[in-house]
Amino acid sequence: MQYDIIFISGEKLFDHSLCGIAILKKLMEKRGYSVGVIEEPKKESDVLKLGKPRLFFGIGTGCIDSMVRNYTPLNKKRTEIERLKFVQTIPDRALLVYCNWIKRHFKDSVLVIGGVEASLRRLTHYDYWDNKLRRSILLESRADILVYGCGEKQIEEITKRVREKKDLKGIAGTCVRSREVPDGFTMLPSYEELLKSKNNFCDMQNLLSNDENLCQKTDKSFVLQYKSPVYTTEDIDEYYGLDFTRKAVDDRTRGFEFSIVTHRGCIGNCNFCSLRLTMGSKIISRSEESILKEIKHITTLPHFSGNIDDLGGPSANMYGMDCSVCNKDCIKCQNLDKSHKKLIELMKKARNIHGIKKIFVRSGVRYDLAPKDYLKELVKFHVSGKLKIAPEHVNMRVLQLMNKDMGSLDDFIKEFNELSKCDLGFYFITAHPGSTMKEAHELADAVKKLRNAESVQIFTPTPMTISTCMYYTGMNPRTYEKVHVPLTYREKKEQKRVLLLPTNKTSQGIWQGIWKRQEYTKYIRR
Ligand code: SF4
């Protein structure tokens with residue numbers, strides 16, 4: 001049989017709404033197309049196994065960039081145990097490799113690229129692993145069109161256009177190559193201009209948005225980004241209401257089979273996070289009816305034992321915070337309804353559905369947004385012994401550079417301990433721009449006092465984030481002020497090592513003991 005569409009994915013196909021390719025496959029089948037999927041191709045001949053598609057190849061490496069998947073934050077190849085629960089390795093820069101394989105065997109096939117790797121490399125970007133600027137992956141891959149962010153609407157339109165042999169220009173939420181620039185596009189600094197000046201790179205960073213038509217000259221052509229389409233509650237109700245089998249396919253998906261997605265987007269806008277430029281910084285909530293219907297359906301599945309694995313989204317507690325009046329920073333806006341009323345109502349109704357034993361909330365809770373009545377519900381009915389939160393750091397300057405300086409961790413812990421006997425687990429990031437050894441000590445001392453660090457990560461400069469712009473330029477793009485950036489393997493390693501020291505030693509003491517004063521001063525002034 002000849003498929004209409006063949007998706008090539010760097011991940012296993014997990015037939016669940018958490019898997020982007022699974023949604024696209026189910027949706028396009030519902031629209032009457034035949035869809036084949038090639039999972040984690042290991043060698044060139046693997047991409048030949050389903051033959052040539054009638055319409056196009058859709059190529060993506062999944063929800064994580066292949067370089068993040070293959071390398072540690074210290075740029076070391078991941079060993080077996082460090083592989084983020086991925087069983088299979090994929091090639092470095094897998095998206096380019098897969099495109100080259102296809103181009104060699106199916107020269108005239110239409111290539112559509114998408115997923116996180118494509119979305120965050122859609123324009124000129126700093127590549128940490130090569131430590132240099134790279135051109136848009138649309139140009140490097142020689143693909144026909146790039147889909148960024150969630151791609152359902154884009155894939156439907158591309159399918160229609162290819163079927164009708166129409167041009168692929170002008171599709172919202174995509175990027176194409178072009179010789180000329182239509183009206184209504186904001187010109188970004190060109191690739192050549194970015195190579196010349198880091199100030200230009202900060203200028204570009206400040207213009208990046210999903211809500212703008214942008215264009216960038218590279219060599220003799222332009223990359224045109226068409227602003228994102230508007231997704232609605234009705235749209236995502238349809239996508240998440242599709243009939244998934246929810247069978248786990250590996251260790252990475254086990255324990256997520258009965259996870260329920262309540263909304264898309266995140267209003268947090270943390271500078272180290274790329275969600276703003278993929279899924280977007282506005283909340284799109286599903287209807288309560290659609291979520292409850294999905295839960296009722298799950299209770300009828302033979303392999304369901306009564307527990308819902310998670311009820312949430314990128315952040316657990318942003319359901320119902322939909323507002324698209326403007327493009328400003330919602331999390332700091334007085335107009336936004338942060339009462340959590342809709343979410344508390346949903347949680348109540350969901351846990352009272354027949355056949356439900358427990359509904360867990362495992363997505364990260366934005367603690368600085370969480371009101372008392374929500375926390376009470378959460379710890380009483382939806383948490384199993386430990387609530388995980390991500391304060392990321394304790395130094396106010398670093399938190400400001402992370403754009404995560406809202407709320408007070410100490411106040412939250414005090415309030416939480418009055419409310420519950422549950423434990424708190426903490427996620428921290430060290431060696432983020434702005435963090436010198438002094439801030440690393442401060443974090444280390446706080447972590448020791450908290451005694452429950454769930455994870456301490458070294459900052460990884462992934463493409464297109466504001467923190468990565470700081471990492472590459474040594475400047476805060478919002479103010480063009482200089483920031484200290486831990487660049488060397490040694491300093492990053494040290495910033496992590498002091499966090500892992502035994503609790504009975506203060507990192508400051510250890511630090512001064514290990515390094516003579518002048519070494520310390522030299523390091524800081526570097
Ligand atoms: S009015 Fe406030 S909450 Fe609404 S979109 Fe604008 S910034 Fe966000």
**OP:** Determine whether the range 329-344 contains at least one residue that is exposed (fewer than 14 other Cβ atoms within 10 Å of the Cβ), within 16 Å of the ligand (Cβ to nearest atom) and under 30 Å from Lys492 (Cβ atoms).
**Re:** yes
Original post:
Would you call Ser339 free of Cβ contacts under 8 Å to residues at least 60 places away in the same chain and either over 29 Å from Ser209 (Cα atoms) or not polar (S, T, N, Q) (or both)?
Top reply: no
Original post:
Within the group Leu208, Leu195, Leu188, which residue is buried (at least 20 other Cβ atoms within 10 Å of the Cβ) and in contact with a strand residue (DSSP E or B) (Cβ under 7 Å, 6 or more places away or on another chain)?
Top reply: Leu188
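Is it true that Ile295 is assigned by TED's automatic domain parsing to the domain that holds Thr278, β-branched (Val, Ile, Thr), within 16 Å of the ligand (Cβ to nearest atom) and buried (at least 18 other Cβ atoms within 10 Å of the Cβ)? Steps first, answer last, please.
Details: assigned by TED's automatic domain parsing to the domain that holds Thr278: yes; β-branched (Val, Ile, Thr): yes; within 16 Å of the ligand (Cβ to nearest atom): no; buried (at least 18 other Cβ atoms within 10 Å of the Cβ): yes.
It is false that Ile295 is assigned by TED's automatic domain parsing to the domain that holds Thr278, β-branched (Val, Ile, Thr), within 16 Å of the ligand (Cβ to nearest atom) and buried (at least 18 other Cβ atoms within 10 Å of the Cβ).
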Original post:
So which residues in the range 140-160 are open to solvent by 30 Å² or more (accessible area, probe 1.4 Å) and either over 24 Å from Ser17 (Cα atoms) or among the aliphatic types (A, V, I, L, M) (or both)?
Top reply: Glu140, Arg142, Asp144
Subject >> helices (runs of 4 or more DSSP H) within the range 320-424 that include 1 or more residues of a type outside the set (Asp, Glu) and out of contact with any Leu (no Cβ under 8 Å at 6 or more places or on another chain) >> reply: 341-351, 396-401, 409-419
**OP:** Check Arg264 against each of (1) more than 20 Å from Leu27 (Cα to Cα); (2) away from the ligand (no atom under 13 Å from the Cβ); (3) open to solvent by less than 20 Å² (accessible area, probe 1.4 Å) and name the one condition it does not meet.
**Re:** (1)
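Run down Ser315, Ser363, Ser324 and say which single residue is within 21 Å of Leu378 (Cα to Cα) and within 16 Å of the ligand (Cβ to nearest atom). Before the answer, list the steps.
Numbers: Ser363 fails: within 16 Å of the ligand (Cβ to nearest atom); Ser324 fails: within 21 Å of Leu378 (Cα to Cα).
It is Ser315.
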Original post:
If we scan the range 102-112, do we find a residue that is within 21 Å of the chain's Cα centre (by Cα), open to solvent by less than 20 Å² (accessible area, probe 1.4 Å) and under 21 Å from Ser178 (Cα atoms)?
Top reply: yes
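Taking Ser285 as the residue in question, decide whether it is within 16 Å of the ligand (Cβ to nearest atom) and either of a type in the set (Phe, Trp, Tyr) or out of contact with any Ser or Thr (no Cβ under 9 Å at 6 or more places or on another chain) (or both). Before you say what the answer is, go through the steps one by one.
Working: within 16 Å of the ligand (Cβ to nearest atom): yes; either of a type in the set (Phe, Trp, Tyr) or out of contact with any Ser or Thr (no Cβ under 9 Å at 6 or more places or on another chain) (or both): no.
Against the criterion (within 16 Å of the ligand (Cβ to nearest atom) and either of a type in the set (Phe, Trp, Tyr) or out of contact with any Ser or Thr (no Cβ under 9 Å at 6 or more places or on another chain) (or both)), Ser285 does not qualify.
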**OP:** Quick one: which residue in Lys26, Lys42, Lys30 is among the charged types (D, E, K, R) and more than 21 Å from Tyr239 (Cβ to Cβ)?
**Re:** Lys42
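Go over the candidates Asp251, Asp203, Asp219 one by one and state the one that is over 29 Å from Cys19 (Cβ atoms), modelled with pLDDT under 95 and out of contact with any strand residue (DSSP E or B) (no Cβ under 7 Å at 6 or more places or on another chain).
Working: Asp251 fails: over 29 Å from Cys19 (Cβ atoms); Asp203 fails: modelled with pLDDT under 95.
Result: Asp219 is the single residue among Asp251, Asp203, Asp219 that is over 29 Å from Cys19 (Cβ atoms), modelled with pLDDT under 95 and out of contact with any strand residue (DSSP E or B) (no Cβ under 7 Å at 6 or more places or on another chain).
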Original post:
Of everything in the range 1-38 that's among the polar types (S, T, N, Q) and more than 21 Å from the chain's Cα centre (by Cα), which residue is most open to solvent (accessible area, probe 1.4 Å)?
Top reply: Gln2
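With the requirement that a residue be over 26 Å from Tyr427 (Cβ atoms) and either open to solvent by less than 20 Å² (accessible area, probe 1.4 Å) or within 13 Å of the ligand (Cβ to nearest atom) (or both), what does the range 303-312 give you? Break it down into steps so the answer makes sense when it comes.
Our first condition is that a residue be over 26 Å from Tyr427 (Cβ atoms); within the range 303-312, this holds for 303-306.
Scanning the range 303-312 gives a single hit, Gly306.
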Original post:
Would the range 161-182 turn up any residue that is open to solvent by 30 Å² or more (accessible area, probe 1.4 Å), closer than 24 Å to Asp219 by Cβ and free of Cβ contacts under 8 Å to residues at least 12 places away in the same chain?
Top reply: yes
**OP:** Would you be able to say whether some residue in the range 402-425 is at pLDDT 95 or above, open to solvent by less than 10 Å² (accessible area, probe 1.4 Å) and not assigned by TED's automatic domain parsing to the domain that holds Phe201?
**Re:** yes
**OP:** Please state which of the following conditions Phe360 fails to meet, knowing it meets all the rest: (1) open to solvent by 70 Å² or more (accessible area, probe 1.4 Å); (2) touching a Ser or Thr at 6+ places or on another chain (Cβ under 7 Å).
**Re:** (1)
Original post:
Tell me, which residue of the range 380-389 that is farther than 27 Å from Cys273 by Cα and either at pLDDT 90 or above or within 24 Å of the chain's Cα centre (by Cα) (or both) is surrounded by the most Cβ atoms within 10 Å (Cβ to Cβ)?
Top reply: Phe381
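Taking the stated definitions as given, is Glu156 in the same structural domain as Phe86 (by TED's automatic domain parsing), out of contact with any Asp or Glu (no Cβ under 6 Å at 6 or more places or on another chain) and closer than 27 Å to Glu11 by Cβ?
Details: in the same structural domain as Phe86 (by TED's automatic domain parsing): yes; out of contact with any Asp or Glu (no Cβ under 6 Å at 6 or more places or on another chain): yes; closer than 27 Å to Glu11 by Cβ: yes.
In short, yes.
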Subject >> Where a residue in the range 428-447 is of a type in the set (Asp, Glu) and its partner, wherever it lies, is open to solvent by less than 20 Å² (accessible area, probe 1.4 Å), with Cβ under 7 Å and at least six apart >> reply: Glu439/Asn395; Glu439/Val398; Glu442/Asn395; Asp445/Ser507
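Does any residue of the range 346-360 turn out to be within 16 Å of the ligand (Cβ to nearest atom) and farther than 24 Å from His303 by Cβ?
Our first condition is that a residue be within 16 Å of the ligand (Cβ to nearest atom); within the range 346-360, this holds for none.
So far as the range 346-360 goes, no, none of its residues is within 16 Å of the ligand (Cβ to nearest atom) and farther than 24 Å from His303 by Cβ.
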Original post:
Do you know which residues across the range 463-501 are assigned to a loop (DSSP other than H, G, I, E, B), under 18 Å from Asn199 (Cβ atoms) and open to solvent by 30 Å² or more (accessible area, probe 1.4 Å)?
Top reply: Arg478, Thr479, Tyr480
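The values are calculated or read from the model by the stated rules, or taken from the named source; none is laboratory data. Values in this document were obtained by computation on a predicted structure and should not be read as measured data. Using ideal geometry, Cβ is built from the backbone for each residue, glycine included, and neighbour counts are taken over all protein chains shown. Please note that ligands, DNA and RNA were not included when accessible areas were found on the heavy atoms of the full protein model with its side chains. Shrake-Rupley method; radii C 1.70, N 1.55, O 1.52, S 1.80 Å.
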